[in-house]
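The values are calculated or read from the model by the stated rules, or taken from the named source; none is laboratory data. Everything numeric here is computed off the predicted structure, so don't read it as measured data. Counting neighbours? That spans all protein chains shown, and the Cβs are built from the backbone with ideal geometry, glycine included. With ligands, DNA and RNA removed, areas are computed over all heavy atoms of the protein, side chains included. Shrake-Rupley method; radii C 1.70, N 1.55, O 1.52, S 1.80 Å.
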Amino acid sequence: MIALLLTLIVRRLLSAVPILLIVSALLFCVLRILPVDPAAMSLPPNATIEEIEAQRRAMGLDQPLPQQYAIWLRGALHGDFGRSIALRRDAGELVAQTLPATIQLAACAMAIAAILGLGGGLLLFHLRGTVLEPLADLASIVLLSIPEFLWGLILLFVFGVLLQWLPFTGQVAPGLPLPHVTGFLLLDSLLVGRFDVFLSACRHLVLPALALGLAFSPTIMRVLRSSLFDVYLEDYIVQARLRGLSEGRILLGHAFKNASLPTLTLAGVQFGILFSGTLLVEVIYSYPGMGNLMVDAVRNADLPLIQAIGLTYCVVVLLINTAVDSLYVVLNPKLRVR
Amino acid sequence: MALALQAKNLTVSARIDGALVPAVRALSFDLEPGRILGLVGESGAGKSMVGRAIAQLLPAGFSITSGALLFEGEDVAGMPPRRRRALLGRAIAFIPQAPMTSLNPVLTVGAQFDEHLARFGAASRRARRDRAVAMLTAAKLPHAAGLLGQYPHQLSGGMCQRVLIALAFSTDPRLVVADEPTTALDVTTHPPILTLIADMQRQHGTAVIFITHDLRLAAQLCDQVTVMYAGRAVESGPARAVLATPAHPYTRCLQLANPSLRAERRALYVMPEQMPSLRQLRDLVGCHFAPRCPLVTDECRRGEPPDIAVATGHRAACIRTAATAGIAAAVRDDVAVRAGEQPLLQVVGLQKIYTVGAGPFGGGRAVAAVKRASFSIAENEFVALVGESGSGKSTIAKLLVGIEQPTAGRIVFAGEDLAATRNRAQRAASVQMVFQDPQSALNPRRRVASIVTQIMEAGSRHADWDQRLARTKDLLAEVGLSADFATRLPGQLSGGQRQRINIARALCALPRLLVADEIVSGLDVSIQAQLLNLLARLRAELDFAMLFISHDLSVVRHLCSRVLVMYDGEIVEQGPVAAVFDNPQHPHTRALISSVPPDEPQAPWAALKA
């Protein structure tokens, strides 16, 4: 099985190369077509036309588009994603600094979405045929229609402002140090033994992660429920009943694992969407992740930075899909044999 | 001795439009420990309902409305669920109809055994494992220990059924319900699987309810049989007596509708219409078989017939039992008559190799679905292609109609190389296919008229709607359906009607060759007889040849004049039906023939080893 998994992963990574090339080229073209002039923006407002022209030549913007892309690509291959125009720092470095915070947020949100989604799906299914079913059904549809930024605002207002239970700005309480080992704050605070920082980081993570998780759990809930309905039509469920197994045992021991396969496929797709969903939530909670960086970059028409962040999103989604496919092989014995 | 299972006037009803309609009516039987009771009937007769009633797992809306079903004297209907669950799996076990899908695909065989045995006693993991290995070995599965780590999809259908049989008997149950345990499996696995059930039953002294549609098979295996029709036990008695001297006209008609592998070739007896559905039953007065019965009198329609004893322990629910033996079908031998001299189709060195498991960077391995096949079909000739699943039959069908392209070899049709024919419409006009599953072969959103004349939409044959409606009317008449079927949707048709529509569609452009892939295999005997007779009549009227793919040798012998036997991608034997079946040369042909139970209940079935 390990050999099979390795083959799968290697294949996926190889096929990621052309995808990344296409995406980066697309991003590059679209950004250059935008009616913004990075040369003018990088200079003070009182710069003369000649100065702007000189700057444009210096930045290579006078070259034809394919050539510009080739220059960028050569740099990117050497780890140089260009300099941020607004922040005047290396774009790759900026991304590397903010990415861990976003991954941390997305992972926590996914865990919450999975727990709520799977639990809710099992509950929804369990309530089938009871008087509570239409009610639960309605509730899940209402949940399904609330997007993550709305959850962000609701949670912020209720738990942050009204009840004042949890903090709602930043990554840790002001005044606490930010230890840096791996870039992942939860991990780093534990590594350096600062439990106060760890706790504060956890408390800061609750609301944004919950907002994202709540927004994505209903889809998982409903897919799991409908997969369970499909699985319950299968002969092996009837046969399990005829063997006298209890309903609970049939649901958890037999049906759940089968129904989780289609759910997993969906969760993989969802995680890509969830990852981009971090953007709005980060803005709402002033969370110093890649999303906030992206918003600033867009506002400043910071083309090199937008390009670097956009590509990073693409890489993350590809990696997640690879991971989900690998997990699928682990869970589905039919895919394991050759 | 206490009875293992007893039904006393058992009635299972469904609620339809507010009224209770019995799906099983006043069924009574006694099953002694260590005996086998056969429940025989066509689909919808209510035989499976009895098995479900024992477990109280009836379909939604169905319930036991009167009478009693006693397991060792205890009524299963009044039993608390906890008590029933304690009996299920331990004292009462079930062998399913579809073994491939009855094991959980994501759990190993070992895990499913372990779960089962853990519920019933065996304390240590070690003891459970030993028991599982012992049972799998007893079920004649090789390498039982290694099997425990395997998943169901790694096993063949026959192996899955052996696992399920081992599982069923592993707790020494006192009653086993086997619901069509061989129907979904290849013919050659039928005798060994049945032998295994009979052996296990003898060793464990188990009482068995054997549910089947096959009267001949029931007669070989069972001590007693009960023939069911539309929810009622129409005839019951000692298995051999019921088959040898059927007293109820339905049993007799069923027997005559089933083609024989060994007896003289006869026209099949056709019962008109079909078994009444539950909805129709509600309004039916009198004997439920009366609308289809050749012996019907006015008295039959007035009231339900009583159960009449025709011999010791042999009863039938009919007032005309004395006349039953007189029902007969005409002798005929028109099968080989009309085959022409000219070869219509010549297949030379046909080969098809699939590459499986290949990725975007190549790899994978070659699997030969058809290794080497050469045969010919004359004009108007019906040629059968028989073999087990995976032998390459369906691949040949796909190659002939052009769904797949051959790896090597030639298909010459009326002197023209079909592989070179790029014109799909032209090819479709001369070779048509009838698919196995009539349900999925018909677009559920199209009406019958649009389905059967679909080919008139194509290319140069493009026709206006009036022409298509006129053609539909002719076609419907040819396949024996009334003109008002033209506006129906496939969902409004029965299985037999759908297959008729399927055939009508294939005949629309008057093809010269019909490729029919297992077109009667999913149908009940009485519906199968209707279709086989229909095909024979159509050939006489319309002049076409047919490649009839089937696993059922009796049907093949009835309909076709020549037979090709396929095994593992090769045609291992071919010749006239009579010659091949009377004097088979290849071991696989012999195995196929010996898998069919004999017509006479007294005749020993050599394949069923005692």
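Would you pick out the residues in region B:106-163 that are surrounded by 15 or more Cβ atoms within 10 Å (Cβ to Cβ) and among the polar types (S, T, N, Q)? Residues satisfying the conditions are B:Thr108, B:Gln112, B:Thr137, B:Gln150, B:Gln154, B:Ser156, B:Gln161.
The condition of being within 21 Å of A:Ile320 (Cβ to Cβ) and either assigned to a helix (DSSP H, G or I) or at pLDDT 85 or above (or both) holds for only one of A:Leu94, A:Leu73, A:Leu31, A:Leu26, that being A:Leu26.
Taking the criterion of being in a helix (DSSP H, G or I) and open to solvent by 10 Å² or more (accessible area, probe 1.4 Å), the residues of region A:270-287 that qualify are A:Gln270, A:Phe271, A:Gly272, A:Ile273, A:Ser276, A:Leu279, A:Leu280, A:Val283, A:Ile284. A residue that is under 27 Å from B:Gln499 (Cα atoms) and of a type in the set (Gly, Ala, Ser) cannot be found anywhere in region B:568-590. The C-beta contact set for region A:146-170 (first residue on the phi > 0 side of the Ramachandran plot, second residue assigned to a loop (DSSP other than H, G, I, E, B), distance under 9 angstrom, 6+ apart or interchain) comprises A:Gly170/A:Tyr285; A:Gly170/A:Ser286; A:Gly170/A:Tyr287; A:Gly170/A:Pro288.
Considering each residue of region B:274-312, count those that are in a loop (DSSP other than H, G, I, E, B), among the charged types (D, E, K, R) and surrounded by 13 or more Cβ atoms within 10 Å (Cβ to Cβ), and give that number. Talk me through it step by step, then tell me what you get.
To start, the set of residues in region B:274-312 that are in a loop (DSSP other than H, G, I, E, B) comprises B:274-277, B:283-289, B:293-297, B:303-307, B:312.
With among the charged types (D, E, K, R) added as a condition, the list becomes B:283, B:304, B:307.
Cutting the leftovers down to surrounded by 13 or more Cβ atoms within 10 Å (Cβ to Cβ) gives us B:304, B:307.
Number of matching residues: 2.
In region B:72-112, of all residues being β-branched (Val, Ile, Thr) and facing chain A (nearest Cβ under 7 Å), the one that is farthest from B:Ala145 (Cα to Cα) corresponds to B:Thr101. Assigned to a loop (DSSP other than H, G, I, E, B) and touching a Leu at 6+ places or on another chain (Cβ under 7 Å): does that describe A:Leu87? So A:Leu87 fits the description; yes. Only residues that are open to solvent by 70 Å² or more (accessible area, probe 1.4 Å) and more than 13 Å from chain B (Cβ to nearest Cβ) were counted across region A:4-16, and they come to 1.
Under the condition of being of a type in the set (A, V, I, L, M, F, W, C) and farther than 23 Å from B:Asp30 by Cβ, which residue from region B:58-71 is farthest from the other protein chains (Cβ to nearest Cβ)?
The initial filter retains those residues of region B:58-71 that are of a type in the set (A, V, I, L, M, F, W, C), namely B:58, B:60, B:62, B:64, B:68-71.
Narrowing further to those that are farther than 23 Å from B:Asp30 by Cβ: B:60, B:62.
Numbers: B:Ala60: 9, B:Phe62: 15 Å.
Here the answer is B:Phe62.
Criterion first (touching a residue at least 12 places away in the same chain (Cβ under 8 Å), in a helix (DSSP H, G or I) and not β-branched (Val, Ile, Thr)) does A:Ala267 satisfy it?
On the way: touching a residue at least 12 places away in the same chain (Cβ under 8 Å): yes; in a helix (DSSP H, G or I): yes; not β-branched (Val, Ile, Thr): yes.
Yes; evaluated as a whole, the condition is true for this residue.
For region B:127-157, a residue qualifies if it is in contact (Cβ under 8 Å) with a residue 40 or more places away in the chain, closer than 23 Å to B:Gln97 by Cα and of a type in the set (Gly, Ala, Ser), and the qualifying residues are B:Ala138, B:Ala139, B:Gly157.
Counting only residues that are more than 10 Å from chain B (Cβ to nearest Cβ) and part of a loop (DSSP other than H, G, I, E, B), which one in region A:227-262 is most open to solvent (accessible area, probe 1.4 Å)? So, considering only residues that are more than 10 Å from chain B (Cβ to nearest Cβ) and part of a loop (DSSP other than H, G, I, E, B), the one most open to solvent (accessible area, probe 1.4 Å) is A:Leu233.
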